[in-house]
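Have a look at the structure below before the remarks.
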Amino acid sequence: MRVMHALIFAFLLVLPVAAAWAISDPAEMLKDPRQEARAEAIGRQLRCLVCQNESIEDSQADLARDLRQVVRQHVAAGEKDQQIIAWMVARYGNFVRLRPPFEPLTWVLWASPVLALVGGALVVAFAMRQKRPPPQPLSAAEKRKLGDLLKS
């Protein structure tokens, strides 16, 4: 048990270092701190296409590293945030956004939590409404068998 706690503790110590390494590689960073802050803010809005549940700033995947470089190139070229995001969306689709826009193509995506809750409530309500017949009383033979089992 102590070994397990030690492993968990070691993992928790290493995790922030790994995350910081993913976004703070000096070779990737822009020299201007304001531009770097903008690039990181943009990168936090974009999904890693390999990991799919992390932003490109948090991911260590090679593709995420490449996308971080692309974002930084666009920032260094003086493009606006929306232009950079629009370029990424044009290339990879709305899936590249961690928060896709609310539009007809994404209505189901945005409504899915509510649909899941309503569907679950309907299943529970339907299951509770079904009336099950009461159990049949024990026959004389079953009562004798139960009595014998309880005696032993």
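Per-structure values
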read-out: Out of Gly43, Gly78, sole residue that is within 23 Å of Thr106 (Cβ to Cβ) and not β-branched (Val, Ile, Thr); value: Gly43
read-out: Qualifying residue in segment 86-93 (condition: modelled with pLDDT of 90 or more, of a type in the set (Val, Ile, Thr) and touching a helix residue (DSSP H, G or I) at 6+ places or on another chain (Cβ under 8 Å)); value: yes
read-out: Residue check for Leu109: assigned to a helix (DSSP H, G or I) and farther than 19 Å from Ser55 by Cα; value: no
read-out: Test for Ala127: is it small (Gly, Ala, Ser), at pLDDT below 90 and in a helix (DSSP H, G or I); value: yes
read-out: Qualifying residue in segment 80-89 (condition: free of Cβ contacts under 8 Å to residues at least 60 places away in the same chain and either among the hydroxyl-bearing types (Ser, Thr, Tyr) or assigned to a strand (DSSP E or B) (or both)); value: no
read-out: Odd one out for Pro101, checked against (1) modelled with pLDDT of 85 or more; (2) surrounded by 10 or more Cβ atoms within 10 Å (Cβ to Cβ); value: (1)
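Condition check ((1) surrounded by 10 or more Cβ atoms within 10 Å (Cβ to Cβ); (2) aromatic (Phe, Trp, Tyr); (3) over 30 Å from Leu63 (Cβ atoms); (4) under 19 Å from the mean Cα position of the chain (by Cα)) across all residues:
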{"site": "Val89", "(1), (2), (3), (4)": "yes, no, no, no"}
{"site": "Gly93", "(1), (2), (3), (4)": "yes, no, no, yes"}
{"site": "Trp110", "(1), (2), (3), (4)": "yes, yes, no, yes"}
{"site": "Val114", "(1), (2), (3), (4)": "no, no, yes, yes"}
{"site": "Leu117", "(1), (2), (3), (4)": "yes, no, yes, yes"}
{"site": "Ala121", "(1), (2), (3), (4)": "yes, no, yes, no"}
{"site": "Phe126", "(1), (2), (3), (4)": "no, yes, yes, no"}
{"site": "Leu138", "(1), (2), (3), (4)": "yes, no, yes, no"}
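To keep it simple, each residue is scored yes or no on (1) over 22 Å from the mean Cα position of the chain (by Cα); (2) surrounded by 16 or more Cβ atoms within 10 Å (Cβ to Cβ); (3) within 15 Å of Val96 (Cβ to Cβ).
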| site | (1), (2), (3) |
| --- | --- |
| Ala37 | yes, no, no |
| Ile42 | no, yes, yes |
| Val50 | no, no, yes |
| Leu63 | no, no, yes |
| Asp66 | no, no, yes |
| Gln83 | yes, no, yes |
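The values are calculated or read from the model by the stated rules, or taken from the named source; none is laboratory data. All values derive from a computational prediction rather than experimental measurement. Using ideal geometry, Cβ is built from the backbone for each residue, glycine included, and neighbour counts are taken over all protein chains shown.
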